[in-house]
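A.B. asks: Quick one: the structure is below, questions incoming.
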Amino acid sequence: MKNVTITINGNQYAVPSDLTVLEAARTVGIDIPTLCFLKDINEVGACRVCVVEVEGARALQASCVLPVREGMVVKTNNQRVRNARKTTVELILANHNRECTTCVRSKNCELQSVSEELGIRDIRYTGAKREGKYDNFSHSIVRDSSKCILCGRCVSACKNVQGIGILDFVNRGFETTVGPAFEVSMKDAPCIYCGQCMVVCPVGALTEKPAIDKVWDALEDPKKHVIVQSAPAVRAA
Ligand code: FES
C-alpha cells in the first residue's frame, strides 16, 4: 500500500493511503472522540463528534469518513474543533433521557464518556424533547428510544452484519427514531434475539432484559416461555 504524507497538529506523518483521517490519527497515537463510528460496521459520519479542521476546507469535516490525501494539513484539537464537538454533544444531550443514575449503562456509556472528555457540566440548550417509547415486552431486549442517539450502529449490525434488518430509522425529522417498522414491539417483530444490537449500542437504548424480568415473563405465560430444567437423574436398578 502506497503511503501519503499528512500533517496532523503540526507534525508530519507517512500513513497508508487507504486510511481515513480518524484511522491515521489513531495510528500515530492521536485520539479523536467518536460516537457513531464502529470500524467496518458503521462508518456513516452521522454524529459529527469526530470533526477536524482541514486546511483549505471552510466547514469542519467528519474524520471517520474522510480519506487521507497527500499534503493534507489537519488540526484535531484546536478551539474551533473543541467548541463544535461540545455543541454537538450538548445538543444530543438536550434531547436525551438523562436519568443516568438509574440507567443500566451508566459508567459504561459512550455518550457519558464523551461528555466527560469534552468537559460538559451543564446543558445550554432546552426545548422540545422527542417522545420516547419504552418496550420491554420481548423475551430479552429492552428498547428505550428516549435514550437513542440515532447513531445507526444497531441498524447496521442488524441489517448488514446479521442480515435480519428488523431495525431501521422510523419517522422523519425531529420525530426520527430507530426501531422495528411502524414501531411495533420487538416482541412482534421477526427478531431472532441475537443481541448484536445491544452489543453495539453506545448508550442505554437497547439493553438486555434483567434476568428477574425474564423469570416473571415465563411465570406469567408458561406456554410461551419454556424454562429449561435438567432431566431427572436415572437411577441404577
Ligand atoms: Fe464520525 Fe460520528 S464518529 S461522524
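Computed from the coordinates by the stated procedures, all read-outs in this text should not be read as laboratory data. Remember, it's a predicted structure, so these values are computed and weren't measured experimentally. Cβ atoms come from the backbone with ideal geometry, glycine included; neighbour counts cover every protein chain shown.
A.B. asks: If we restrict to alpha carbons, what Rg and Dmax does segment 3-88 come to, in Å?
C.D. replies: When restricted to Cα atoms, segment 3-88 yields Rg and Dmax of 11.8, 35 Å.
A.B. asks: Give me the three principal axis extents of segment 72-120 from the C-alpha atoms, as integers in angstrom, largest value leading.
C.D. replies: In descending order, the Cα extents are 44, 19, 17 Å.
A.B. asks: Please compute the Cα-Cα pair-distance distribution of the chain with 5 Å bins starting at 0, giving whole percents from short to long.
C.D. replies: With a bin width of 5 Å, the distribution comes to 1, 6, 12, 15, 15, 14, 11, 9, 6, 4, 3, 2, 1, 1, 0, 0, 0, 0.
A.B. asks: Which one of Gly132, Gly173, Gly71 has the biggest mean-square fluctuation once the chain is modelled by GNM with Cα springs under 10 Å?
C.D. replies: Gly173
A.B. asks: Where does each of Ser156, Ser63 land when they are ranked from fewest to most other beta-carbon atoms within 10 angstrom?
C.D. replies: Exposure proxy ranking, most exposed first: Ser156, Ser63.
A.B. asks: Shifting gears a bit: If you keep only loop residues by DSSP, which trypsin sites (Lys or Arg not before Pro) in segment 140-195 have at most 16 other Cβ atoms within 10 Å of their Cβ?
C.D. replies: Arg172, Lys187
A.B. asks: Let me ask you something else. Which one of Val89, Cys109, Asn78 has its Cα pushed farthest toward the positive end of the charge dipole of segment 58-111, where Lys and Arg give +1 and Asp and Glu give -1 at the Cβ?
C.D. replies: The residue sitting most towards the positive pole is Asn78.
A.B. asks: If you build a Gaussian network model of the chain, linking Cα atoms that sit under 10 Å apart, which residue out of Val28, Val81, Val199 swings the most?
C.D. replies: Val28
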